[in-house]
Each structure stands twice: as C-alpha cells, then as structure tokens.
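Worksheet: one structure, shown below.
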Amino acid sequence: MHIRSAVYSFLCIFCLLFTLSAQEQNYPKAIIVPHGGVACSEFNAAQVGARILQEGGTAMDAMVATGMALAVTYPFAGNIGGGGFLLYYHAKTRKVTAFDFRETAPHAATVTMYLDSTGQPIAEKSRLGGQAVGVPGTVKGLAMAHHRFGRKKWATLLQPAIKLARYGFVVDSAFYRSIQHYQKALSQFPSTRQIFLPNGQPPQPGTLFIQLQLANTLSQIARKGPDAFYTGKIARLIAHSVQQHGGILTVEDLANYRVKERQPIVFNYRGYTIYAMAPPSSGGLTLLGILKSLEAIPLAEQYERNSAPYIALISEIEKYWYARRNQYLGDPDFVAIPFQQYLSPQWHQKALQRAIRLRPYPARKMSAYRAITGQEHPQTTHITIVDASGNMAVMTYTLNGGYGSKLIAEGTGILLNNEMDDFTVKPGSPNMFGLVQGTANAIQPGKRMLSSMTPTLVLKNGQLIGGLGSPGGATIITTVLQVLLNKLDYGLSLAEAVAAARFHHQWLPDSIIIEKGGFSPHTTQQLTRWGFHWITRSSLGDVQAIWKTPEGWEIVSDPRGSGFPVGF
Ligand code: DON
C-alpha cells in the first residue's frame with residue numbers, strides 16, 4: 001500500500017507538473033474538437049471527465065466523474081455538501097430533462113431564525129458555521145441523473161475523485177491563493193483548519209494535497225450509493241457537526257431529502273430554442289423575460305454592442321426583471337409562480353417600452369445607493385460537457401459562498417454549504433449578493449431557497465447547438481444573457497462571446513456593475529451623463545461553454561477563471 005501510494009504520488013507529481021507547465025505555457029482557453037469534451041473551472045477535473053468520455057461514457061457519466069473530482073480539487077465551490085441544478089439534452093430523443101437538487105431548509109427552520117431580538121439580520125448567522133447550512137442535494141442529484149442517463153457504473157465514476165483525494169494532487173498557485181484568501185474564516189473551525197491549514201498555513205504550491213477523510217467518504221458513496229451520505233454514519237457526523245456549531249440540521253432532514261425533476265423553462269428567441277432552469281432557480285424565467293423583451297427590436301442593427309445606449313437599454317430591462325424576480329419568485333412547491341405573466345407579451349413589451357421611453361436616458365434621480373457586499377470571486381462553479389453521441393450536460397452547483405459555511409463535518413472531509421443565506425432573511429434587507437428579496441422567498445421548513453443559477457442549453461431546429469453556465473450569484477443570469485446575445489445576435493465566436501467585457505444591473509442597488517477596464521471612458525462618461533450610477537468590479541462570472549461549429553465542438557473556459565477546456 002505504502003509503495004503503491006508512493007509510486008502513485010510520483011506519477012501524480014510527474015503528470016501534474018506537466019499540467020502546471022501546460023498552464024504556464026498558455027494552454028488555450030478555447031479549443032475545437034471533433035468528438036466531445038469538458039469545460040470546467042479546474043484542469044484535473046476536466047481531464048477526469050474527458051477521459052470518461054474517451055472511454056465511451058455519456059455526458060452524464062463524465063458529469064458525475066467531473067463533479068465529484070471538483071469536490072476534491074476545487075473545494076472553493078465544487079462540492080458534495082452543497083446543491084445545484086442540472087439540465088441534460090438526450091440526443092436520441094432530443095428531450096431536455098431538468099434536475100433540481102437545490103438544498104432545503106431544515107425541518108426546524110423558522111422565518112426569523114437569522115434575526116436578532118430587535119428584528120435585524122445577523123449576517124454571520126446565515127453565512128458562517130452550522131446555522132448557515134441547508135440540507136445538501138448534490139450526491140442524490142448526481143445519482144438520480146446518473147440513474148437516468150449514465151452508462152458506466154456509479155462506483156467506477158467516483159474512482160478518479162477518490163484517487164485525487166487519497167493520493168493527492170499538486171497544489172498550484174491558484175489553489176494556494178484561494179485558501180490564503182479565506183484563511184481567517186477557514187481557521188475558525190478545527191475540523192476545517194486541520195485539513196486546509198495544516199501547520200496553520202495554506203498548503204504550499206508544488207506540494208501534494210491529500211484529503212483522506214474525503215477519500216473515505218467518497219469510497220463509501222461509491223460502494224453504497226447516495227444512501228451512504230444521507231443515512232448512517234456520514235449523515236450522523238454531518239448532523240452532529242452542524243449542531244455542535246449552533247445549527248439545526250438533523251439526520252431526519254438528510255434522510256428526507258428528495259431530488260425533484262422539473263419542467264425546464266423553454267422559449268424561443270429569434271428562431272433558437274432556449275432551455276433553462278425553472279424555479280427554485282430564478283435563472284430561467286429572468287433570462288426569458290430579458291430576452292423576450294429584447295426580441296421585439298432588431299438589437300444588432302440598432303445598437304452597437306457594449307456601447308452606452310446598449311448598456312443603458314439592457315440595464316433598464318434587467319432592472320424590470322430583477323424587480324419581478326425578487327418579488328414573485330421562490331420555491332414552486334411553496335409559492336405560486338406567475339408563469340403565465342412571464343410568458344405574456346404584455347410584460348415583455350412593458351419592460352421594453354419602459355426602457356426605450358427613457359431614451360436618450362435623461363439624468364434621473366438616483367435612489368439611495370447601497371453597496372453590494374461581498375466578493376469579487378465567482379464562488380459557484382459550472383460544468384458543460386458534450387459526448388460523442390451529441391448528448392450534453394450542463395450543471396451549476398455550489399456551496400454558495402467560497403468554501404460555503406467554512407465548516408467541514410468532523411471526520412468526513414465534507415465542506416458544508418451556507419445556502420441558507422439565499423433565502424430572504426428579512427424582506428428589504430440585502431443578502432450576500434446585494435439581492436433585496438420579498439416574502440415569496442421567506443424561510444419555511446423543507447423549502448428550497450431561490451437561486452440565480454442558470455445552466456442553459458440552446459437548440460436550433462430541434463438540434464442541440466450549445467450549452468453554458470456560470471457562477472456569480474445574482475450576476476449569473478446577466479452573464480449567461482450576455483454570452484447568448486454576443487453569440488446569437490452579434491454572431492461572435494464562442495471564445496469572443498465569452499471573453500467580451502460584461503456589465504450587470506439587478507434593480508437594487510441602483511448601480512450598473514461594469515468590468516474594470518472593459519469599457520471606454522467615453523462609454524462610462526455617457527452613462528454618468530444619463531444619470532446612471534456605475535461601479536466597477538474586477539470581473540463578472542466564470543463561463544464554461546460548448547458550442548457547435550462547422551469544424552467541431554468549440555469548448556471554452558472563461559479567460560477570467562482558472563479552468564482549461566479538455567476534449568478529444
Ligand atoms: O444559488 C445562487 O444563486 C447562489 N447561491 C450562487 C452563489 C454564487 O454564484 C457565488 N458566486 N459568486
């Protein structure tokens with residue numbers, strides 16, 4: 001065992017040193033391949049998925065292997081202790097299936113659980129440690145989707161992740177910097193400190209990072225299936241750790257967790273058919289609203305892409321749809337979603353007319369500006385995979401904040417989410433992403449918190465042509481929107497469409513966020529003259545996308561992020 005492990009480690013170091021040097025030598029962020037491949041935010045995990053595809057696995061097989069590997073190599077957002085959404089295009093039937101494995105509020109959750117005695121939100125409570133944890137869905141979600149669309153054995157698909165955890169992978173500078181950035185928060189919990197801060201320091205670049213507890217947990221999930229996570233010893237350890245740190249999640253909550261198959265949101269846009277995630281994600285309906293509002297005008301003819309008039313128009317339309325998002329959307333099993341209004345041309349026209357009426361955007365009185373709290377790093381992660389038969393899987397999954405609640409369940413190696421912060425902690429108070437939400441998304445036991453995650457598929461004449469998604473909290477929807485507009489309206493290549501500068505408006509706070517250095521001073525000055533308040537952020541999103549071209553599949557990892565595409 002010892003020798004085997006040493007040999008394996010040696011091979012790992014050898015292979016991964018090659019990997020590192022590939023990155024240093026400007027390994028491309030976009031490739032075109034004949035058969036299939038993987039776009040995700042971490043190279044080891046992308047390689048794992050591509051290998052499964054080469055060995056005849058379906059896109060779903062590769063998604064399980066990549067998703068599990070990311071839980072090891074990209075603990076910042078890859079996870080088994082979180083939740084997400086997955087859309088699958090099955091080439092043979094040309095059908096799209098949507099899986100919802102979003103976290104749920106524990107049974108003992110209450111609407112006021114994050115408020116102090118004066119009714120004010122205690123931000124830390126919904127974001128850090130045991131109290132922030134929702135019931136995780138990832139393992140059951142992947143298992144259910146695999147059951148439907150996988151070909152290879154579940155246990156086989158988990159082996160690469162188990163090996164990466166047991167024998168380690170070489171720490172690169174991105175991994176080191178990420179742990180260093182979160183060092184203070186991660187050091188608060190002994191179970192987390194022990195793993196991510198051995199000797200009190202982040203693992204050094206060039207060293208092997210081994211996670212034995214996680215390897216054992218994954219081995220049990222491989223052997224016994226998802227029940228190993230939701231019942232028995234692992235479930236007891238999760239519930240125990242959460243409760244020890246002030247939380248309310250129980251073994252019953254875990255045992256009762258259910259994945260839901262949802263009708264995806266589907267709509268036409270300029271002859272394309274777009275499939276996106278239904279509530280409890282706000283992504284599909286908000287994307288639908290914005291695109292259907294824009295569809296009434298010949299956008300590319302009338303507006304220069306990323307010019308001031310373009311930013312003004314789209315920001316105004318985004319405001320309209322984010323206001324509706326925050327007022328109406330929540331878990332469809334708990335609140336009535338106004339699907340019909342979202343589909344009605346009246347709402348689409350209203351949003352467009354409201355935006356156009358403002359032309360030429362006279363200065364308007366700005367409502368009070370509230371800073372968006374939190375991060376500049378996209379803390380969720382998206383994976384897009386296409387296989388040689390043309391099946392495609394798009395999955396966005398998350399722990400919510402970077403490293404989630406920062407709490408590792410003692411003895412399991414599992415980082416737990418802080419997804420509870422996505423609920424409306426208090427109507428009118430902004431959450432981690434500055435989203436000001438209403439009672440439709442209030443906390444209730446068993447309810448799913450509203451999400452912005454937007455895994456998306458695009459079809460033309462019934463045939464799949466592309467898929468994409470991104471992290472970025474509230475900015476996910478507008479990130480996906482802009483890549484789609486760049487591609488479908490402005491005809492850019494996928495690489496250009498992803499690389500292009502981005503902006504974002506979410507109604508409140510009343511500011512446009514624009515990517516630093518992405519827009520000319522002329523453009524921003526014009527926006528200021530028209531009365532828009534804008535702020536900069538170093539980057540928005542980390543798109544992972546695949547698109548059909550005459551030459552093959554174009555696979556793109558966002559130049560803003562740490563991923564590299566792998567295909568064959
Ligand atoms: O579900 C959501 O919308 C959020 N929990 C996603 C979090 C995220 O993208 C973090 N990245 N900035």
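The values are calculated or read from the model by the stated rules, or taken from the named source; none is laboratory data. Source: prediction; values computed, not measured. When we count neighbours, we look across all protein chains shown, and the Cβ atoms used for this are built from the backbone with ideal geometry, even at glycine.
Considering every residue within segment 202-218, establish whether at least one is buried (at least 21 other Cβ atoms within 10 Å of the Cβ), closer than 30 Å to residue 424 by Cβ and of a type in the set (Ser, Thr, Tyr).
no
A quick yes/no check of all residues on (1) polar (S, T, N, Q); (2) surrounded by fewer than 23 Cβ atoms within 10 Å (Cβ to Cβ); (3) in a helix (DSSP H, G or I):
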{"site": "253", "(1), (2), (3)": "no, no, yes"}
{"site": "258", "(1), (2), (3)": "no, yes, no"}
{"site": "279", "(1), (2), (3)": "no, no, no"}
{"site": "293", "(1), (2), (3)": "yes, no, yes"}
{"site": "311", "(1), (2), (3)": "no, no, yes"}
{"site": "316", "(1), (2), (3)": "no, yes, yes"}
{"site": "325", "(1), (2), (3)": "no, no, yes"}
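Can you go through 50, 77, 45, 71 and tell me which one is part of a helix (DSSP H, G or I) and within 14 Å of the chain's Cα centre (by Cα)?
Just a single option satisfies the conditions, and that option is 71.
Failed condition for residue 93, given (1) part of a loop (DSSP other than H, G, I, E, B); (2) away from the ligand (no atom under 16 Å from the Cβ); (3) in contact (Cβ under 8 Å) with a residue 24 or more places away in the chain, with all others met?
Tallying (1) part of a loop (DSSP other than H, G, I, E, B); (2) away from the ligand (no atom under 16 Å from the Cβ); (3) in contact (Cβ under 8 Å) with a residue 24 or more places away in the chain, residue 93 fails exactly one: (3).
Within segment 281-294, work out how many residues are within 16 Å of the ligand (Cβ to nearest atom) and either free of Cβ contacts under 8 Å to residues at least 60 places away in the same chain or among the charged types (D, E, K, R) (or both).
Result for segment 281-294: 1.
If I ask for residues that are of a type outside the set (Gly, Ala, Ser) and either in a helix (DSSP H, G or I) or in contact (Cβ under 8 Å) with a residue 40 or more places away in the chain (or both), which ones from segment 295-309 would you list?
Result: 295, 297, 299, 301, 302, 305, 306, 309.
Among the listed residues 545, 474, 495, identify the single one that is outside any helix (DSSP H, G or I) and touching a residue at least 24 places away in the same chain (Cβ under 8 Å).
Answer to the check: 545.
Would you call residue 391 within 8 Å of the ligand (Cβ to nearest atom) and modelled with pLDDT of 95 or more?
no
Does segment 1-60 hold any residues that are modelled with pLDDT under 50, farther than 17 Å from residue 564 by Cβ and of a type in the set (A, V, I, L, M), and which are they?
1, 3, 6, 7, 11, 13
For segment 416-469, how many residues meet the condition of being outside any loop (DSSP other than H, G, I, E, B), within 30 Å of residue 36 (Cβ to Cβ) and among the hydrophobic types (A, V, I, L, M, F, W, C)?
Qualifying residue count for the region: 6.
Which of the residues spanning segment 198-249 are of a type in the set (D, E, K, R), more than 19 Å from residue 130 (Cα to Cα) and either free of Cβ contacts under 8 Å to residues at least 24 places away in the same chain or in contact with an Asp or Glu (Cβ under 9 Å, 6 or more places away or on another chain) (or both)?
Answer for segment 198-249, where residues must be of a type in the set (D, E, K, R), more than 19 Å from residue 130 (Cα to Cα) and either free of Cβ contacts under 8 Å to residues at least 24 places away in the same chain or in contact with an Asp or Glu (Cβ under 9 Å, 6 or more places away or on another chain) (or both): 224, 227.
Given (1) at pLDDT 95 or above; (2) away from the ligand (no atom under 16 Å from the Cβ); (3) among the β-branched types (Val, Ile, Thr); (4) under 30 Å from residue 296 (Cβ atoms), identify the lone condition not met by residue 385.
Residue 385 satisfies every listed condition except (4).
Pull up segment 410-439, narrow it to residues that are of a type in the set (Gly, Ala, Ser) and within 22 Å of the chain's Cα centre (by Cα), then point me to the one that is nearest to the ligand (Cβ to nearest atom).
This residue is 434.
Enumerate the pairs (first residue in segment 442-471 and touching a residue at least 60 places away in the same chain (Cβ under 8 Å) and under 25 Å from residue 136 (Cβ atoms); second residue anywhere and of a type in the set (Phe, Trp, Tyr) and within 15 Å of the ligand (Cβ to nearest atom)) with beta-carbon separation below 6 Å, excluding pairs fewer than 6 apart on the same chain, so at least 6 apart or on different chains.
Pairs that qualify, where the first residue is touching a residue at least 60 places away in the same chain (Cβ under 8 Å) and under 25 Å from residue 136 (Cβ atoms) and the partner is of a type in the set (Phe, Trp, Tyr) and within 15 Å of the ligand (Cβ to nearest atom), are 443/423; 449/423; 453/85; 455/85.
Return the residue satisfying two criteria in turn: it lies in segment 440-494 and is more than 16 Å from the ligand (Cβ to nearest atom) and hydroxyl-bearing (Ser, Thr, Tyr), and of such residues it is nearest to the chain's Cα centre (by Cα).
493
Filter segment 109-127 down to the residues that are touching a residue at least 60 places away in the same chain (Cβ under 8 Å), among the aliphatic types (A, V, I, L, M) and in a loop (DSSP other than H, G, I, E, B) and list them by number.
Of everything in segment 109-127, those that are touching a residue at least 60 places away in the same chain (Cβ under 8 Å), among the aliphatic types (A, V, I, L, M) and in a loop (DSSP other than H, G, I, E, B) turn out to be 109, 111, 113.
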